[in-house]
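The structure appears below as structure tokens.
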Amino acid sequence: MELILGNELSAKLREEMKVKIDELVFSGKRRPLLTVILVGDNPASKTYVASKEKACVSIGMEHRTIRLDGSITQEELEKVVEEQNKDDGVDGILVQLPLPKHLSEIKTIEKISPEKDVDGLHPYNAGCLLTGRKGFVPCTPKGIVAMLNSIGIYDLSGKRAAVVGRSNLVGKPISLLLQKMNATVTMVHSRTADAASVCKEADVLVAAIGKEKYINREWVKPGAVVIDVGINRMENGKLCGDVDFEDVKDIVSAISPVPKGVGPMTVCMLLANTLEAYERRA
Ligand code: NAP
């Protein structure tokens with residue numbers, strides 16, 4: 001069984017991006033800049049924003065965090081986004097989700113200029129992914145493809161893939177990306193009948209449901225590659241995925257663990273998208 005270690009892969013990719021940015025600076029160019037907008041004081045969001053800042057620093061990318069009071073109006077928030085759209089020195093804009101309940105996530109994301117939408121959540125970029133045009137791919141699904149590539153999987157012709165979960169953030173985009181790799185993809189969700197036997201036919205299984213160790217060996221085809229996107233906090237305070245790692249590890253050919261799997265790749269792909277935005281704008 002091969003472990004697909006996102007922490008090791010992301011360290012390698014970050015090092016490559018650092019070299020690229022050092023070269024840009026050496027040739028007299030500015031550094032790429034990522035703006036993160038944080039509204040309110042959700043503790044989890046604060047932690048995520050801090051890890052994004054740290055990741056930027058690690059590769060020599062500039063970051064700007066705009067902290068806004070949780071009582072800000074929709075209009076005021078959109079004005080802040082528009083200022084960042086207009087700022088020529090800004091390459092990527094990310095609005096940390098979730099927003100406080102009185103604000104609209106959809107309206108806010110729609111205000112981000114698509115060429116700075118490094119989270120890939122703007123409907124324009126979602127449409128690009130759907131229709132095979134060049135746009136920004138959401139970070140977690142993009143990271144999953146990089147993880148598959150890292151174990152030599154580029155083409156899934158003749159193979160079956162199952163994606164458990166159909167969110168805009170993970171399930172839907174990864175199903176399109178797997179299709180692009182020529183897999184025959186089945187989407188599994190909470191209304192799927194006999195989900196375990198559907199998944200048991202899959203050569204590649206992606207789990208993104210947010211349920212602690214929900215997927216066991218009854219769901220997994222022997223020899224399958226399993227990507228576990230879930231991040232769940234157990235009663236003992238430790239993190240675990242949607243897949244019962246101990247139960248399936250002996251029958252899979254490769255699996256991503258939680259932690260040290262998909263999580264680090266998501267932040268890494270945010271950096272990659274921001275660098276790409278910089279290069280496209282240049
Ligand atoms: P989400 O928006 O809550 O969507 C969950 C999906 O799972 C829904 O489509 C739901 O189906 C489906 N589902 C729920 N229970 C199910 C079941 N018993 N059987 C089959 N499908 C079921 O979640 P998300 O944002 O995609 O995130 C999923 C998990 O990934 C969470 O643990 C999240 O923390 C994690 N995550 C990790 C990263 C990372 O960087 N590692 C990034 C993003 C998310 P319905 O549509 O029918 O309700």
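Annotations
- Binning the C-alpha pair distances of the stretch 1-155 at 5 Å intervals from 0 yields a P(r) profile of 2, 8, 15, 18, 20, 17, 12, 6, 2, 1, 0 %, listed from the shortest bin outward.
- Computed with a 1.4 Å probe over protein heavy atoms only, the accessible surface of the stretch 240-282 comes to 34 Å² per residue.
- Carbon + sulfur, % of accessible area of the chain - ligands and nucleic acids excluded, 1.4 Å: 51 percent
- Along the stretch 167-180 the Karplus relation, 6.51 cos²θ - 1.76 cosθ + 1.60 evaluated at θ = phi - 60°, assigns HN-Hα couplings of 6, 5, 6, 10, x, 5, x, 5, 5, 5, 5, 5, 5, 4 Hz to successive residues, with x for each Gly and Pro.
- Peptide packing for 216-225, 77-86 was compared via the average number of neighbouring C-beta atoms within 10 Å per residue; ordered from the highest value, the list is 216-225, 77-86.
- Tensor-based shape of the stretch 47-118 (alpha-carbon gyration tensor, a/c under 1.5 rounded, otherwise prolate or oblate): oblate
- Restraint check, 12/159; 159/180; 159/211; 79/107; 29/111, Cα-Cα greater than 19 Å: 12/159; 159/211; 29/111
- Helical contribution to [θ] at 222 nm, DSSP H n ≥ 4, -39,500 (n - 2.57), averaged over the chain, rounded to 500: -13000 deg cm²/dmol
- Relative contact order %, the chain, counting alpha carbon pairs below 8 Å whose residues are six or more apart: 20 percent
- Peptide packing: for 130-138, 4-12, the average count of neighbouring Cβ atoms within 10 Å per residue gives the ranking 4-12, 130-138, highest mean first.
- Cα shape, the stretch 14-94, gyration tensor, a/c 1.5 rule: oblate
- Classified by the C-alpha gyration tensor, the stretch 155-230 has an oblate form. Its axis ratio a/c, with a ≥ b ≥ c, is 1.5 or above, and a/b does not exceed b/c.
The values are calculated or read from the model by the stated rules, or taken from the named source; none is laboratory data. The shown structure was predicted, so the numbers you read here are calculated from the model rather than taken from an experiment. Virtual Cβ from ideal backbone geometry, glycine too; neighbours counted across all protein chains shown. Surface accessibility is based on the protein's heavy atoms, side chains included, excluding ligands, DNA and RNA. Shrake-Rupley method; radii C 1.70, N 1.55, O 1.52, S 1.80 Å.
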